[in-house]
Structure formats: C-alpha cells, structure tokens
Amino acid sequence: MVKFNQEGKLASEEIKFKAIVDNSPLAICIFSGTEQVVEYFNPTFTRLFGYTIEDIPKIDAWWPIAYPDKRYRDQIKSEWEEKTGQNPMTNTSVQPTEAFVTCKDGSIRFISWGFRSNGLHTWAYGIDMTERRQAEEKIRISEARLNRAELASKTGNWELHINSQKMFASKGAVQIYGVHKDEMSYPFIKNIVLSEDRPLLNNALKNLLENNTPYVVEFRIETADTGEIKDIHSEATFDREKGIVYGIIQDITQRKKVDESILESARLFSNIFYNSPAALAITTPEESKIIDVNETFLHQMEYTRDEVIGKTVAELNMYAEKGERDKVIDTLKKENHILGHESCFRTKSGKLIYGLVSIVYVQIKGIPHLLTTVIDITKRIEAEEKNRDQFEELRRWHNVTLNRETRVIELKQEVNELLVSMDKPIRYASVANEGNDSKIG
C-alpha cells in the first residue's frame with residue numbers, strides 16, 4: 001500500500017511538473033546521453049523557433065540550422081562548450097549565453113540560454129530577449145543620435161544629485177566643460193565657472209531649490225582641458241521628490257560673437273544713417289510707408305519725425321511733379337534699384353527742392369524694405385539756372401553789339417559808293433575792300 005501511494009504521489013508530481021514545463025514561457029529542450037538525443041521540446045520552444053523533434057533529433061542537428069553562419073556558429077558553440085565543460089555533469093548550471101537564433105521561418109530571435117544537468121539529462125532553457133534587445137537597440141540608436149545632435153549643436157544635458165553633490169553629464173556637456181568623465185562633483189564644476197560669475201550661478205540654484213524660481217542663466221567658464229573661455233547658457237528644473245536637478249547647457253560663445261558683430265554692424269549703420277549729410281528714408285516697398293528717416297531728411301523737408309513716421313510718400317505729397325512718383329516706382333520694378341535719378345520735391349511749406357534719388361532694397365529683420373537716399377542739388381540747379389540766364393543776357397548784348405557794328409560798316413560803304421559816283425576819292429579806306437567784296441558778291 002505504501003509503495004502504491006508513493007508511486008501515485010510520484011505520478012501526480014510528474015503530471016504537475018509536466019504541466020508547469022508545458023506552460024512555461026521559457027523555451028525548454030531536454031536531451032540526454034553522450035549523443036545528446038533530444039527527448040522533449042516544450043510548446044514554447046516550438047512556438048518560438050518553429051522546430052520539432054523531427055527537425056532536431058539530436059543536438060548536433062541544432063547547431064547548423066540555428067546558427068547557419070559558420071563563423072558565428074563556431075563562436076557560440078565554443079562559448080557553450082567552454083561553459084559546460086567547466087562543470088561536471090552533475091546537478092549544476094552554467095552562466096547564461098546570449099545568441100541570435102535563426103528560426104525555421106528565417107526570422108531571427110535573440111535568446112538568453114541557460115543550462116542545467118543532473119548527470120542523466122541536460123536542460124537547455126531559453127528566454128526570448130528579442131523585444132528587449134530591439135528596445136535596447138532603439139535606445140542605443142536614440143542615444144547615438146542625441147549625442148551627435150548635442151555635439152553638432154554644442155549642447156548637453158546634466159543632472160545634479162543634491163544629497164551627494166554628484167553631477168552626471170552627457171557627452172555634449174562633457175565636451176563643453178572640457179573634462180574626460182561623465183561623473184563629477186558640483187564643487188568641481190563650480191571651479192570651472194569664472195569667479196566673477198559664480199555668485200550668479202549660486203543664487204540661481206538657490207532660488208530654484210528654495211523658491212522653485214526658473215533657473216535660466218548665462219555665465220562663462222574656463223574649460224578644464226584647454227583653458228578656453230566659453231559663454232554658456234543653462235536652464236534647469238528641480239525634481240523635489242527625487243532630489244535631482246535636471247539641466248541643459250549650450251555653448252553660445254560663437255553666437256555671442258555673432259551677436260556682437262551684428263550689434264556692431266547695427267551701431268555702424270545707425271551712425272551712418274542718422275548722421276548722413278544726405279536725406280535718408282526707410283519705407284515699405286508696396287505702400288511707400290515711411291518707417292524711419294534721418295535728421296537731414298526732416299531738415300530738408302521741413303517736417304518733424306512724428307509728422308512723417310507711419311505716413312506714405314503719397315499722403316505727404318512730396319513729389320512736386322505729377323506722375324513723377326509713378327515713374328520712379330516703374331523704374332524700380334524694372335531695374336530693382338535706382339541710381340542718381342533727378343527729381344523735384346515739395347517741402348512742408350511748399351518750397352521746391354531738387355535732389356538726386358537713389359533707391360535700393362534692404363533686409364530688416366528678414367523683411368524687404370526700401371532705403372532711399374536723396375542728395376540735395378537745389379543750389380546746383382539754381383546756380384545752373386543763374387548761369388544760363390547770365391549767358392543768355394551776354395549773348396543778347398553780344399548780338400546787339402554785332403548788329404550795330406554791321407550797320408556802321410554799311411553806312412561807310414554807302415558814303416564811299418556815293419563819292420565814287422561823284423568821281424571823288426573814297427573817305428573810308430578800311431571798308432573799301434569789304435565794299436568791293438560786297439559788290440562782287
């Protein structure tokens with residue numbers, strides 16, 4: 001009876017054990033003997049790989065179909081034999097081996113294999129790590145992209161663990177700091193910051209931790225490796241529950257230089273614009289609305305700044321001649337610029353002035369505008385008109401003088417002719433030849 005009960009108990013345990021193995025999420029293979037004859041594949045094994053015992057009656061048949069690439073197969077087989085060879089065929093297990101397995105349908109799965117032997121049977125059990133491997137690969141690719149993006153954009157991210165004062169930095173941040181490790185202390189980083197900027201950094205961090213004030217600062221550092229001075233922009237948030245400050249930094253040294261260059265160019269343009277002896281105006285291309293003018297323009301046209309800004313050239317009726325503005329616009333549309341065009345303008349008081357007009361397109365904040373330059377030539381025009389009047393007067397008097405001298409000559413010739421007709425000598429010998437020429441003519 002006792003023996004019967006024991007056999008029944010063993011049978012019950014075997015049924016329970018088989019049920020567990022059959023329903024295990026692990027891919028299980030059991031083989032035995034020196035020839036490694038396969039005795040069992042559980043359903044998970046067949047579902048994952050597609051192989052049955054008919055496909056793999058012995059383990060020797062497993063290697064070439066699961067690892068078709070000979071070089072890779074030899075590598076995996078060598079690792080497996082090395083690990084199993086280190087353990088006697090007793091109740092032992094070996095360290096897992098990870099490998100890419102080719103399934104019956106040609107797909108590839110990444111499996112972590114474990115082995116256990118009791119001297120009679122060897123169990124090989126595999127955990128399907130494919131999805132985890134794919135997720136890790138995606139993370140690796142994302143991290144690689146992030147690192148490339150950080151290095152290209154001269155940005156980085158960091159985190160400060162408040163309790164330990166340890167800092168962890170990305171590759172981009174490490175490169176900016178000029179250090180060669182991704183873990184460092186906060187005091188070490190503070191020493192990289194220029195001494196005059198440290199109070200700013202300390203106050204920003206203090207306000208973030210105590211008052212949750214946004215951490216947005218710009219400061220300068222002296223890199224740990226080369227001593228280069230860099231301008232840094234940094235922003236951070238504080239996770240109070242974890243006690244970690246998460247931040248980003250950006251090397252804005254080049255941007256600062258560009259900004260300073262742009263600012264210097266803007267100052268130069270401003271000085272030229274507002275202090276130019278020529279009248280300058282910036283207008284919109286479509287409406288000719290005045291955006292800005294210099295002092296020379298206001299002085300010449302007799303307006304105040306408030307009277308012209310926002311108004312159009314047409315509203316101020318600046319062109320004295322009808323149709324002149326349309327003529328200028330047509331020329332601008334055809335040639336895209338105007339150089340030295342002479343126009344007449346009407347000032348606020350109605351006085352007429354003359355100017356040489358030049359118009360070019362300029363970009364202001366990415367928007368096209370017109371820069372108009374007017375050189376006052378009123379005095380030159382007036383001087384030319386005065387010269388023309390004087391020349392005309394001189395020419396008139398010259399003609400009058402020539403006409404009088406011609407009449408005197410004619411009278412002398414008539415006297416000479418009269419004396420000749422009376423057989424008397426001529427009186428005006430100076431015109432005798434002219435008279436003869438006249439007669440001959």
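Taking 7 Å steps out from each Cα toward its Cβ at residue 351 and residue 264 produces label points 4.1 nm apart.
Amide H contacts of residue 98: 113, each under 5 Å away and 5 or more positions distant or on a separate chain (H built 1.01 Å from N in the peptide plane; Pro and chain starts excluded).
Report summary: the helix-based calculation at 222 nm, which adds -39500 (n - 2.57) for every DSSP H run with n ≥ 4 and divides by the residues of the chain, gives -15000 deg cm²/dmol. Under 1.5 on a/c is rounded, so check that first for the chain, then, if it is not, pick prolate when a/b is larger than b/c and oblate when it is not; a ≥ b ≥ c are the square roots of the alpha carbon gyration tensor eigenvalues. Prolate.
Of the GluC sites (Glu not before Pro) found in region 137-229, those that fall in a DSSP loop while having at most 15 other beta-carbon atoms within 10 Å are 228. The residues 81, 324, when put in order of fewest to most other Cβ atoms within 10 Å, stand as 81, 324. Of the options 75, 319, 32, report the single residue whose Cα projects farthest towards the positive end of the charge dipole of the chain (beta-carbon charges: Lys, Arg +1; Asp, Glu -1). The listed residue farthest towards the positive side: 32. Near residue 121, no amide H atom lies under 5 Å from its own; only residues 5 or more places off or on other chains count, and H is placed 1.01 Å from N. Here the spin labels are modelled as points 7 Å beyond Cα on the Cα-Cβ line, and at residue 164 and residue 40 they lie 4.6 nm apart.
Note on the chain: dipole from Cβ charges, positive end direction compared against 288, 23, 419; the farthest Cα belongs to 23.
Scoring 43-54, 59-70, 267-278 by mean Cβ neighbours within 10 Å over their residues and listing the highest first yields 43-54, 59-70, 267-278.
Give the residue from 363, 272, 349 lying farthest towards the positive end of the charge dipole for the chain; charges sit on Cβ (+1 for Lys and Arg, -1 for Asp and Glu) and the dipole is referred to the Cα centre. The Cα lying farthest towards the positive end belongs to 363. A simple spin-label model places the labels of residue 152 and residue 240 3.9 nm from each other, with each point 7 Å out along Cα-to-Cβ. Give 181/230; 138/242; 206/256 a once-over and call out the pairs whose C-alpha atoms are over 24 Å from each other. Beyond 24 Å: 138/242; 206/256. A simple charge model with +1 on the Cβ of Lys and Arg, -1 on the Cβ of Asp and Glu and nothing else charged puts the dipole of the chain at about 260 debye relative to its Cα centre.
Each of 312, 296, 304 was scored by other Cβ atoms within 10 Å of its Cβ. Listed from fewest to most, they are 304, 312, 296. If you take the Cα centroid of region 278-352 and the Cα centroid of region 22-84, the two points sit 90 Å apart. Our summary gives the chain a relative contact order of 6 percent, counting only alpha carbon pairs under 8 angstrom and 6 or more residues apart. Cross-link partners of residue 334 among lysines, defined as those whose alpha carbon lies under 30 angstrom from its own and excluding same-chain residues fewer than eight positions apart: 289, 311, 322, 365. Counted by neighbouring Cβ atoms within 10 Å, the residues 141, 189, 176 run from fewest to most as 141, 189, 176.
Remark: region 257-335 carries a charge dipole of roughly 140 debye about the Cα centre, counting +1 on each Lys and Arg Cβ and -1 on each Asp and Glu Cβ.
Values quoted throughout were computed directly from the atomic coordinates according to the rules given, and no laboratory measurement underlies them. Only a predicted model underlies this, so the values are computations on that prediction, with no experimental measurement involved. Glycine also receives a Cβ, built like all others from the backbone with ideal geometry; neighbour counts cover every protein chain displayed.
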